[in-house]
1. So how many residues does the stretch 65-92 have that are without any contact (Cβ under 8 Å) to a residue 12 or more places away in the chain, assigned to a helix (DSSP H, G or I) and either buried (at least 16 other Cβ atoms within 10 Å of the Cβ) or of a type in the set (Phe, Trp, Tyr) (or both)?
2. Given the condition aliphatic (A, V, I, L, M), loosely packed, with under 15 Cβ neighbours inside 10 Å, modelled with pLDDT of 95 or more and on the phi < 0 side of the Ramachandran plot, answer yes or no: does some residue in the stretch 17-27 qualify?
3. Would you mind finding the one in THR131, THR127 that is among the β-branched types (Val, Ile, Thr) and in contact with a Cys (Cβ under 9 Å, 6 or more places away or on another chain)?
4. Scan the stretch 38-55 for residues that are assigned to a helix (DSSP H, G or I) and touching a residue at least 24 places away in the same chain (Cβ under 8 Å) and report the count.
5. Being within 13 Å of the chain's Cα centre (by Cα) and of a type in the set (Ser, Thr, Tyr) is the filter here, so list the residues in the stretch 72-94 that pass it.
6. Output yes when any residue across the stretch 80-99 is out of contact with any Pro (no Cβ under 9 Å at 6 or more places or on another chain) and under 20 Å from ASP56 (Cβ atoms), and no when none is.
7. With the structure loaded, tell me whether VAL133 is at negative phi, among the β-branched types (Val, Ile, Thr) and touching a helix residue (DSSP H, G or I) at 6+ places or on another chain (Cβ under 6 Å) or whether it fails that test.
Amino acid sequence: MADGERESPEERRNRELIELLNELRVALPGVQVLFAFLLTIPFSNGFPKLSELDRDVYFVALLATLLSTAILITPSAYHRFVFRKHDKERLLEMSNRLTIAGLGVLAIAMTCSIFVIADVIFRWPMTITVTAVTALLFGFFWYGLPLWRREG
């Protein structure tokens with residue numbers, strides 16, 4: 001846009017929708033790969049050797065990945081249903097909330113996955129440390145930093 005030109009509200013909504021859908025295009029392949037990987041684990045030879053806690057945390061990771069996938073795909077499905085209904089502002093608001101929630105559930109899934117892997121590889125103190133650091137990294141980079149920058 002040239003200096004001095006301002007976009008109309010409709011142009012802004014269109015741009016924001018394109019930006020949101022592009023962001024989802026980045027996140028979704030990762031979620032889908034994680035889900036596919038998690039689906040194969042119960043069929044591996046080592047799965048029966050996992051502790052009951054590891055199997056429980058694995059299942060939380062699987063369910064969280066499923067939920068994250070559903071939530072992150074919802075804006076595309078919603079857009080298809082309300083296409084040309086002149087309600088982009090509501091679509092954007094709802095899609096933004098869903099994307100933030102979907103990323104949060106994805107962070108839970110990835111943290112749980114790290115817990116299971118760390119518990120197989122390391123002793124308990126390292127497992128707790130790696131899992132806590134993972135959760136803190138997601139919390140800081142995906143939520144803390146953006147919220148801090150938004151306020152600043």
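1. 1
2. So the first thing to find is which residues in the stretch 17-27 are aliphatic (A, V, I, L, M), and the list is 17-18, 20-21, 24, 26-27.
Keeping just the survivors that are loosely packed, with under 15 Cβ neighbours inside 10 Å gives 18, 21, 26.
Of the ones still in play, those that are also modelled with pLDDT of 95 or more are none.
No, every residue in the stretch 17-27 fails to be aliphatic (A, V, I, L, M), loosely packed, with under 15 Cβ neighbours inside 10 Å, modelled with pLDDT of 95 or more and on the phi < 0 side of the Ramachandran plot.
3. Numbers: THR127 fails: in contact with a Cys (Cβ under 9 Å, 6 or more places away or on another chain).
After ruling out the rest, the residue left standing is THR131.
4. In the first step, residues of the stretch 38-55 are kept if they are assigned to a helix (DSSP H, G or I); the result is 38-43, 47-49, 52-55.
Checking which are touching a residue at least 24 places away in the same chain (Cβ under 8 Å) leaves us with 38, 53-54.
Count: 3.
5. THR74
6. Looking for residues that are out of contact with any Pro (no Cβ under 9 Å at 6 or more places or on another chain) and under 20 Å from ASP56 (Cβ atoms), one finds none in the stretch 80-99, hence no.
7. Values: at negative phi: yes; among the β-branched types (Val, Ile, Thr): yes; touching a helix residue (DSSP H, G or I) at 6+ places or on another chain (Cβ under 6 Å): no.
So VAL133 fails the test.
The values are calculated or read from the model by the stated rules, or taken from the named source; none is laboratory data. In this text, all values refer to a predicted model and were calculated from it rather than measured experimentally. Positions of Cβ are generated from backbone atoms using ideal geometry, with glycine treated the same way; all protein chains shown enter the neighbour counts.
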